[in-house]
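Below: the structure, in structure tokens.
The values are calculated or read from the model by the stated rules, or taken from the named source; none is laboratory data. Since the model is a prediction, treat every value here as computed from it, not as a measurement. Backbone-built Cβ (ideal geometry, glycine too); neighbour counts: all protein chains shown. Heads up: the accessible areas ignore ligands, DNA and RNA and are worked out on the full protein's heavy atoms, side chains in. Shrake-Rupley method; radii C 1.70, N 1.55, O 1.52, S 1.80 Å.
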Amino acid sequence: MNDSVDPTPILEVRDLHKAYGKVKAVDGISFAVREGSCFGILGPNGAGKTTAIEVIETIHEPDSGTILYRGEVVGRSFKENIGIQFQDTSLQEFLTVRETLELFSKLYPKPRPIDEIIAACSLEEFIDRDNRKLSGGQRQRMLLGIALANDPDLLFLDEPTTGLDPHARRNFWRLVEGIKAQGKTVILTTHYMDEAEYLCDDIIVMDHGRIIESGRPRELLLKHFGEAVIRVPEAAVPAGASFSCPSELEDGFVAFNCADTDASLRELVAGGVDLAGISVERRNLDDLFLKLTGSGLD
Amino acid sequence: MKKFWAVFVARNLEFFRDRSTLIFNLAFPIILILGFAYAFPGGGGTTFKIGLVGDRPAAGSVEDVAFLHYKHLQFLPYAGLATPLDRLAHDQIDMVIDFSKREYYVNEASSNGYVLEKMFAAGDSSAAAPASGGIFSRNTVSGTPIRYVDWLVPGVLGINILFGSLSGVGFVIVRYRRNGVLKRFKATPLSAFQFVSAQVLSRFFIVAFLSTVIFAGTDSVLHFRMAGSWALLALVNALAILCMISLGLVFSSRIKSEEAAGGIMNLITWPMMILSGVFFSLEGTPQAMQIASRAFPITYYIEASRAVMLDGAGLARIAGDLGVLAAMTLVFLAAAAALFKWE
């Protein structure tokens, strides 16, 4: 996807397979990631997101398929070029945040200066605190700092804001935006559709180990729903009236999926629709997933 | 090397900052040693031990004295006279009878020896065989008695090394595997060899440090017998620590659950504690038990360290024990390297 924008993607995955016994956790996925973009992998629990991302990170061996980093099949040096924030991570205990960062920095041949990591992840206020005594948001910022220890070009974030309060999530988004602004490429798995819409330039939606949709979030929403949905009570629509935008019945309402909201509203008024009780909403990725799979995101 | 030291330093900081673990690791063996020293200030135990040299006399012969048939006496056969006499001098046994020369030996400073000699000389009027009077000539030896705590301290240090190494490496790696620390390291360029070797060296440093503190601390109060070379004792300890750590690596190489690790650790440690001569001598125990004890590295450690501390043994005498410890270490390391998995 989007190969036309950048002919040499920073990461390309071709026909990747990974099974555990009879369960096909990853079933032939292929995609490409543009350098400098934020690439989202969405899907419900058990969709294969984490398995896919950990195979790509070379944590697990794939059963088959190819992973290319800057056009080359990934090898031993791949780990020196990527940063990883796992979904669940424990660290060695009784170390301060600074000592933890120093530990991981020393594992790489070309580490990023610690002070830069501290600034990039806003770690100043708790840099000398025991890493067991951090709040959820502080801990995720520290883990992001660890993922940046080697100044990676490609950063994997696996559900980094799960369990954080809205304020901490927003703070984390701003950090990721800052990292993107430095030209880094981010691959993000998330349950939060607002997070994906806010951060991701491109997404894939996975279910049962397969990619069921891919593209830019806005384009996908336009493709499937139009710009917005206008809901009108069923009784407010004159019998036999027809309109240019597609519609469907939803619990006593007629939902019009509109490509142009203003034009559609004018058309509805002209067609005799009573606007009392009307609502106008943007569709989101949750709606998209519901439409694609028939089930909501967990 | 930078990666190795980073992991080494982090592991040491983790251990020394965990005060409860540190205190427990220091306090338990010290309390054990002091407790035994208080409970058994002398030679320890009340069993009478008699060393026998030469072929045991035929039933009904003149040397087959009634004393040899008394109950509750432990007779220990020896090939030569030197070893039992040395043990007699240090109060490790209570009497020696040499059938070939019709001689017996006692340590005049030994209370057990005094009682045994009375029994030996008086005989038993109900027995068919004669008493010893007139058949065996009397000899005496002298020497500094070895207290039970002198004899025990290598065993306690051995237990400390055993638990410190197995839990410090085994449990820690299993815990790291279960909670994802190993997975986090796997995501870096750190190799399994670099990680494991850093753990081994870190634990070696910690256990050696703890053993030194425990020994020095209790020695300042109890003044243990040290007949041999400190350097040789340090070598024995170093090899034993490496061996136990390697054993810990084997059992932690794949296990994910701390509960399973605990079960396996019990399976390893309890037989070692019981069958390796930590708390009591294996002399006179059933042969099967003595054969089983040869399977455990701690047996060789205890033998070698007791030989150095109590008998002043040199390198040549304990070379066999050191060789077995070194061989076991290599086997365990090879097995751990073959079996180790990050996840």
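For the protein assembly as shown, which whole-number percentage of the solvent-accessible area (1.4 Å probe, protein heavy atoms only) is attributable to carbon and sulfur atoms?
Working: 15800 of 27920 Å².
Accessible surface attributable to carbon and sulfur in the protein assembly as shown totals 57 percent.
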5 angstrom amide H check on residue A:28, placed H, neighbours 5+ away: A:16, A:17, A:18
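Calculate for the protein assembly as shown the 222 nm mean residue ellipticity that helices alone would give, adding -39,500 (n - 2.57) per DSSP H run of length 4 or more and normalising by residue count, nearest 500 deg cm²/dmol. Walk me through the intermediate numbers first.
Numbers: 23 runs with 299 residues, N = 641.
Taken over the protein assembly as shown, the calculation gives -15000 deg cm²/dmol.
With the other protein chains left in place, how much accessible area per residue, in square angstrom, belongs to the stretch B:48-141 at a 1.4 angstrom probe? The partial results should precede the final answer.
On the way: 4570 Å² over 94 residues.
Dividing the accessible area of the stretch B:48-141 by its residue count gives 49 Å².
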Rounded to the nearest 10, the angle in degrees between the Cα long axis of helix B:230-252 and the longest principal axis of the Cα atoms of chain B comes to 60 degrees
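If packing is taken as the average number of other Cβ atoms within 10 Å across a peptide's residues, how do B:296-303, A:189-196, A:132-139, A:281-288 rank, most packed first?
Values: B:296-303: 25.2, A:189-196: 20.2, A:132-139: 15.5, A:281-288: 17.8.
Taking the mean over residues of other Cβ atoms within 10 Å, the ranking is B:296-303, A:189-196, A:281-288, A:132-139.
Summing both sides, how much accessible area is buried between A and B? Use a 1.4 Å probe and give Å² to the nearest 100. Kindly include the intermediate steps, with their values, before the conclusion.
Values: alone 14180 and 16090 Å², together 27920 Å².
In total, chains A and B hide about 2300 Å² from solvent.
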Going residue by residue through the stretch B:105-116, the Karplus relation 6.51 cos²θ - 1.76 cosθ + 1.60 with θ = phi - 60° gives ³J(HN,Hα) values, rounded to whole Hz and with x marking Gly or Pro, of 10, 9, 9, 5, 8, 8, 5, 4, x, 4, 5, 4
Residue by residue, what Karplus-based ³J(HN,Hα) values in Hz, rounded to whole numbers, does the stretch A:242-256 have, using 6.51, -1.76 and 1.60 with θ = phi - 60° and x for Gly and Pro? 10, 10, 6, 7, x, 9, 8, 8, 9, 6, x, 10, 9, 9, 9
Out of A:60, A:252, A:241 - ranked by how far each Cα lies towards the positive end of the dipole of chain A, with unit charges on the beta-carbon of charged residues - the top one is A:60
Once amide H atoms are placed 1.01 Å from N in the peptide plane, what residues at a sequence separation of 5 or more from residue B:48, or on another chain, have their amide H within under 5 Å of its amide H? B:74
Given the protein assembly as shown, what percent of its DSSP beta bridges are antiparallel, to the nearest 5? 55 percent
Only counting protein heavy atoms at a 1.4 Å probe, give the residues of the stretch B:188-211, ordered by number, whose accessible area falls by 40 Å² or more when the other protein chains are present relative to the chain alone. B:188, B:189
Could you tell me the accessible area of residue B:225 in Å² (1.4 Å probe, neighbours in place), rounded to the nearest ten? 60 Å²
If A:213, A:102, A:124 are ordered by their accessible area, calculated over protein heavy atoms with a 1.4 Å probe, which sequence runs from highest to lowest? A:124, A:102, A:213
When ligands, DNA and RNA are left out and all protein chains stay put, how many square angstrom of accessible area per residue does the stretch A:21-91 have with a 1.4 Å probe? 40 Å²
Apply the Karplus curve 6.51 cos²θ - 1.76 cosθ + 1.60, θ = phi - 60°, to the phi angles in the stretch B:147-154 and return the couplings in whole Hz, x for Gly and Pro. 5, 4, 5, 5, 6, 7, 4, x
Using a 1.4 Å probe, how large is the accessible area of residue A:176, given in Å² and rounded to the nearest 10? 0 Å²
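Assign one of three labels to the stretch A:20-61, namely rounded, prolate or oblate, based on the Cα gyration tensor with a ≥ b ≥ c the square roots of its eigenvalues; rounded applies when a/c is under 1.5, prolate when it is not and a/b is larger than b/c, and oblate otherwise. Display every interim value, and only then the final one.
Numbers: a/c = 2.21, a/b = 1.65, b/c = 1.34.
Since a/c reaches 1.5 and a/b is larger than b/c, the shape of the stretch A:20-61 is classed as prolate.
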To the nearest 10 square angstrom, how much accessible area does residue B:204 have with a 1.4 angstrom probe? 50 Å²
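Can you tell me the alpha carbon radius of gyration of chain B divided by the globular rule-of-thumb value 2.2 N^0.38 Å?
Numbers: Rg = 24.1 Å, N = 343, 2.2 N^0.38 = 20.2 Å.
Here the Cα radius of gyration is 1.19 times the empirical estimate.
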How many lysine pairs does chain B hold where the Cα atoms are under 13 Å apart and the two sit 8 or more places apart or on different chains? 6
Name the long-range amide H neighbours of residue A:213: under 5 Å, sequence gap of 5 or more, or other chain; modelled H, no Pro or chain starts. A:205
Keeping every protein chain present and rolling a 1.4 Å probe, give me the accessible area per residue for the stretch B:150-195 in Å². 20 Å²
Quick one: ranking B:21, A:8 by accessible area, 1.4 Å probe, largest first, what do you get? A:8, B:21
Using a cut-off of under 16 Å, list every residue of the stretch B:6-32 whose amide N is near the label point 7 Å from the Cα of residue B:197 along the Cα-to-beta-carbon line. B:6-9
What percent of all Cα-Cα pairs in the protein assembly as shown falls into each 10 Å bin, going from 0 up to the bin containing the maximum distance? 3, 13, 17, 16, 13, 10, 8, 7, 6, 4, 2, 1, 1, 0
